[in-house]
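The values are calculated or read from the model by the stated rules, or taken from the named source; none is laboratory data. Fair warning: this is a prediction, and the values are worked out from it, not measured in the lab. Neighbour counts run over all protein chains shown; Cβ positions are idealised from the backbone, glycine included. Quick note on the areas: whole protein, heavy atoms, side chains included, nothing else; ligands and nucleic acids left out. Shrake-Rupley method; radii C 1.70, N 1.55, O 1.52, S 1.80 Å.
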Amino acid sequence: MRLLMLAAPRAGKGTQAARLAAHYGITHLSSGDLLRKEVAGSTAIGRIAAAYLARGDLVPDELVMQMLVGPVRRAVDAGGYVLDGFPRTVRQAEEAYAWARQEGGVELHAVVHLVVARAELRRRMLARATAEGRTDDTEETIDHRLDVYDSETEPLIGHYAGRGLVVDIDGEQAVDAVFSDIVASIESARASRT
Ligand code: AMP
């Protein structure tokens, strides 16, 4: 099983990806978490990525690809993945597709798009800023991250919709309801393909 989560910051990608990973016995790969680990460990990638994360800008594609190749390969060997936060641009999606074709195992089963209104996303991000003190959750960076999502990431929905992979889920429901909607959509998409 290979899944992508596609949603704006704070739409609930991380929470749902973790539950999907447990449900399907696949690996949860969060590019944001992996980047924060690189930054915390002050690795070669982390030292470059830190400033991008703090500003709410996207880290350069090459660095993200370089960081993910190993973990994705291991996840494929272990039965599949749910990718959370990657790809973030059409270019990343194209590069990932080219890479996956070489490796074998190119087929994605679904792209889960969590739909949450911008006002609700801002509210959630501000709430987390207070609760967790994440450095990319200041009011200014929050708006910037939402703009980056609209301009860079949102176009991916059309990209994957063209391949019939996107399932739209109402992300403003309670966490359990979002999860059961996702599983039901994945199963019906799977059934209609077989
Ligand atoms: P997230 O935890 O997914 O919200 O990601 C936090 C931050 O990590 C983003 O604001 C970006 O700076 C960076 N990031 C995460 N994933 C990617 C990616 N696929 N490409 C570029 N930057 C990324």
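What about Ser151, is it open to solvent by 20 Å² or more (accessible area, probe 1.4 Å) and either within 17 Å of the chain's Cα centre (by Cα) or closer than 17 Å to Ala11 by Cα (or both)?
Working: open to solvent by 20 Å² or more (accessible area, probe 1.4 Å): yes; either within 17 Å of the chain's Cα centre (by Cα) or closer than 17 Å to Ala11 by Cα (or both): yes.
Yes.
From the list Gln66, Gln92, exactly one residue is among the polar types (S, T, N, Q), surrounded by 20 or more Cβ atoms within 10 Å (Cβ to Cβ) and within 17 Å of the chain's Cα centre (by Cα). Which is it?
Matching residue, one of Gln66, Gln92: Gln92.
Can you run down the residue pairs with Cβ atoms below 6 Å, 6 or more apart or on separate chains, where the first is in region 32-55 and farther than 25 Å from Thr15 by Cβ and the partner is near the ligand (Cβ under 10 Å from one of its atoms) and open to solvent by less than 40 Å² (accessible area, probe 1.4 Å)?
As it stands, the answer is Ile45/Leu63; Ile45/Met67, since those pairs meet every condition given.
Give region 154-194 a look and list any residue that's under 26 Å from Arg118 (Cβ atoms), part of a loop (DSSP other than H, G, I, E, B) and more than 18 Å from the chain's Cα centre (by Cα), or say none.
Gly162, Gln173, Ala174
Residues of region 1-35 being assigned to a helix (DSSP H, G or I), among the hydroxyl-bearing types (Ser, Thr, Tyr) and open to solvent by less than 30 Å² (accessible area, probe 1.4 Å), which ones?
Ser31
Looking only at region 69-89, which residues are more than 9 Å from the ligand (Cβ to nearest atom), open to solvent by 50 Å² or more (accessible area, probe 1.4 Å) and in contact with an Asp or Glu (Cβ under 9 Å, 6 or more places away or on another chain)?
Of everything in region 69-89, those that are more than 9 Å from the ligand (Cβ to nearest atom), open to solvent by 50 Å² or more (accessible area, probe 1.4 Å) and in contact with an Asp or Glu (Cβ under 9 Å, 6 or more places away or on another chain) turn out to be Arg73, Val76.
Can Gly56 be described as in contact with a strand residue (DSSP E or B) (Cβ under 6 Å, 6 or more places away or on another chain) and within 11 Å of the ligand (Cβ to nearest atom)?
no
Name the single residue that is nearest to the ligand (Cβ to nearest atom) among those in region 95-116 being open to solvent by 30 Å² or more (accessible area, probe 1.4 Å) and under 25 Å from Ile182 (Cα atoms). Lay out the reasoning, then the answer.
Of region 95-116, the ones open to solvent by 30 Å² or more (accessible area, probe 1.4 Å) are 95, 97-99, 101-107, 109, 115.
With under 25 Å from Ile182 (Cα atoms) added as a condition, the list becomes 97, 105-107, 109, 115.
Values: Tyr97: 14, Gly105: 20, Val106: 19, Glu107: 20, His109: 20, Val115: 17 Å.
Checking each candidate, the answer is Tyr97.
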